[in-house]
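A.B. asks: Structure below; questions to follow.
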Amino acid sequence: MPTGHRATGAAPNGAPDIAALDRNDPLKDRRELFSIPDGVLYLDGNSLGVLPKSVPARLAEAVTKEWGESLIRAWNEHGWIDLPQRVGDRIARIIGAAPGQVTACDSTSINVFKVLAAALALRPDRKVILSDSGNFPTDLYMAQGLRDLLGQGHELKIVAPEQVEAAIGEDVAVVMLTQVDYRSGRLHDMAAITAIAHAAGALTIWDLAHSAGALPVELDAAGADFAVGCGYKYLNGGPGAPAFLYVAQRHLDHVAPPLTGWMGHAAPFAFDLDYRADTGIGRMRVGTPPILSLVALEAALAAFEGVDMAALRAKSISLSELFRAEVERRCPDLELASPRDPQARGSQVSFRFEHGYALMQALIARGVIGDFRAPDVVRFGFTPLYLSHADVMAACDILQEIMETRAWDRPEFHKRAKVT
Ligand SMILES: *Cc1c(COP(=O)(O)O)cnc(C)c1O
């Protein structure tokens, strides 16, 4: 260690030693795997991950050689037919699941519908779907649609996140939660809630949209029943990348898939007139998989190969704590909207500000990309694979300047776009 730097990252005057933190970062070499535009400080990997450098060439190969030359033969010759399972097993390693329980397919919204229907069918005598007000709206919307479609008198009960444990009673069929709150970053204790749910005879569905690739997830160890998540957030699979779903091994041979498409059939190319569910996780698939998107996601997942998820979590906390502390110290008008305890949140930090939308537009104009969530939350995601502590400090400098000069208060920053 050179003199003058301490491994803790604290400089002699008590300020964080940013250079030492980055020098001692065990994940620092991973940044090279990603294509980050010059002048951009990207704090939105929780919404859309950046482009991994390996993806364009792999996609071009899949388009020109596999599709272009092999044509329909590619389903066998290039293993297209097995891609959903191959990608599923890669994701399984990142979320603490043994092989054979995860498949990449459809969107998260569709997968919520599928696993919720499957779970409710396993608890026919119970009528309550329990969720919380921190859940992402699409999960709640899908539950409402399924409830109405089933017409069996199910109730979607939505309680405050702190009230979930107390609301798990003998009437609850399924506890359906997003582990990391998309707005505040608050982290639910998956193992504890799953144990309480099981003690009451209920099943659990975990949405890992803001967990997968952001922190260690242990689905098998926690005893989770079902899970879903996104391919385009921390997993960097690209816009609209296929999502994933998990069904615990002990349920695999009992679950009845609600969408009985031919790709979930035991023998799709027998062209039987009657549906017969595939064995294992394959039965949760529906139609022809989006090969080009799966190819991109598979290439992107290579960036996680050999990553120690505990080290990833440690860096995520180091980055997000640096940001939280600096912003709270330098920008008193921003009110912390995330848990202060880093163990109680995922890999993001949010602040409340009355003019949050305009503030985020001003930040984006200066190359600091986060996002805004109505009504007043500015959200910053910290992706340990490609962000450094120096990036975080540079973003803090720009944020402080914008707040001090009120640069956000320009008419063009108040005009709302379709996507925030
Ligand atoms: C991002 C997100 C989704 C997105 O669902 P899509 O079907 O991919 O649009 C769903 N659930 C949660 C919790 C999310 O954060």
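A.B. asks: Between Val40 and Asp253, what length in nm is gained on full extension when 0.36 nm per residue of separation is reduced by their alpha carbon distance?
C.D. replies: 71.9 nm
A.B. asks: Turning to a different aspect of this structure: How do 179-186, 207-214, 129-136 rank on mean C-beta neighbours within 10 Å, highest first?
C.D. replies: Answer by packing, highest mean first, reads 207-214, 179-186, 129-136.
A.B. asks: Ranked by accessible surface with a 1.4 Å probe, highest first, in what order do Trp75, Trp67 come?
C.D. replies: From most accessible down to least: Trp67, Trp75.
A.B. asks: Within the chain, what is the longest stretch that has no GluC sites (Glu not before Pro) placed in a DSSP loop and near at most 14 other beta-carbon atoms within 10 Å?
C.D. replies: Between the exposed loop sites, the longest stretch runs 1-169.
A.B. asks: Taking the Cα of Ala15, stepping 7 Å toward and past its beta carbon, and measuring to each backbone N in region 377-404: which are under 13 Å?
C.D. replies: 393-394, 397
A.B. asks: Find the percent of Cα-Cα distances in the chain that exceed 27 Å, and round it to a whole number.
C.D. replies: Of the Cα pairs, 54 percent sit more than 27 Å apart.
A.B. asks: What is the distance, in nm, between label points placed 7 Å from the Cα along the Cα-to-Cβ direction at Arg31 and at Trp75?
C.D. replies: Simple spin-label model gives 4.5 nm for this pair.
A.B. asks: Go ahead and run the numbers for FRET between Asp376 and Ala314, Cβ-Cβ distance against an R0 of 30 Å, rounding to 0.05.
C.D. replies: Once rounded, the FRET efficiency stands at 0.45.
A.B. asks: Nearest 500 deg cm²/dmol is fine: what mean residue ellipticity at 222 nm does the chain get from its DSSP H runs of n ≥ 4 alone, each adding -39,500 (n - 2.57), divided by its residue count?
C.D. replies: Rounded to the nearest 500, the figure is -10000 deg cm²/dmol.
A.B. asks: Using all alpha carbons of region 173-281, what is the percent of pairwise distances in each 10 Å bin, ordered from the shortest bin to the longest?
C.D. replies: Pairs per bin, as whole percents: 13, 37, 32, 15, 3.
A.B. asks: Provide the FRET efficiency to the nearest 0.05 for the Asp341-Ala60 pair, computing r from the beta carbons and using R0 = 41 Å.
C.D. replies: Once the sixth-power term is evaluated, E becomes 0.35.
A.B. asks: What is the count of Lys pairs in the chain whose alpha carbons sit under 28 Å apart, if the two are 8 or more places apart or on different chains?
C.D. replies: Lysine pairs, 8 or more places apart or on different chains, close enough: 14.
A.B. asks: Something else now. Using a 1.4 Å probe over the heavy atoms of the protein chains, calculate the carbon and sulfur portion of the accessible area of region 57-116 as a whole percent.
C.D. replies: Carbon-and-sulfur percentage of accessible area, whole number: 61.
A.B. asks: I need to check one value: relative contact order of the chain, counting alpha carbon pairs closer than 8 Å and at least 6 residues apart, in percent.
C.D. replies: For the chain, the relative contact order is 20 percent.
A.B. asks: Once you wrap a convex hull around the alpha carbon atoms of region 61-167, what is its projected area averaged over all directions, in nm²?
C.D. replies: Across all orientations, region 61-167 yields a mean hull projection of 9.8 nm².
A.B. asks: Here's something else I'd like to know. Work out the charge dipole of the chain with +1 on the Cβ of Lys and Arg and -1 on the Cβ of Asp and Glu about the Cα centre, then indicate which of Ala19, Tyr357, Pro268 is farthest towards its positive end.
C.D. replies: Farthest along the dipole direction, towards plus: Tyr357.
A.B. asks: Solvent-accessible area per residue for the chain at a 1.4 Å probe radius, Å²?
C.D. replies: The answer is 42 Å² per residue.
A.B. asks: Calculate I(q)/I(0) for region 57-304 by the Debye formula, one identical point scatterer on each C-alpha and no solvent, and give its log10 at q = 0.11, 0.15, 0.16 Å⁻¹ to two decimals.
C.D. replies: Debye curve over Cα of region 57-304, log10 I(q)/I(0) at q = 0.11, 0.15, 0.16 Å⁻¹: -0.56, -1.01, -1.14.
A.B. asks: A further question follows. About the Cα centre, and with charges only on the beta carbon of Lys, Arg (+1) and Asp, Glu (-1), how big is the dipole of the chain? Nearest 20 debye, please.
C.D. replies: Dipole about the Cα centre, nearest 20: 320 debye.
The values are calculated or read from the model by the stated rules, or taken from the named source; none is laboratory data. Model, not experiment: these values are computed from the prediction. Positions of Cβ are generated from backbone atoms using ideal geometry, with glycine treated the same way; all protein chains shown enter the neighbour counts. Accessible surface is based on the protein model in full, side chains and every heavy atom, while ligands, DNA and RNA are left aside. Shrake-Rupley method; radii C 1.70, N 1.55, O 1.52, S 1.80 Å.
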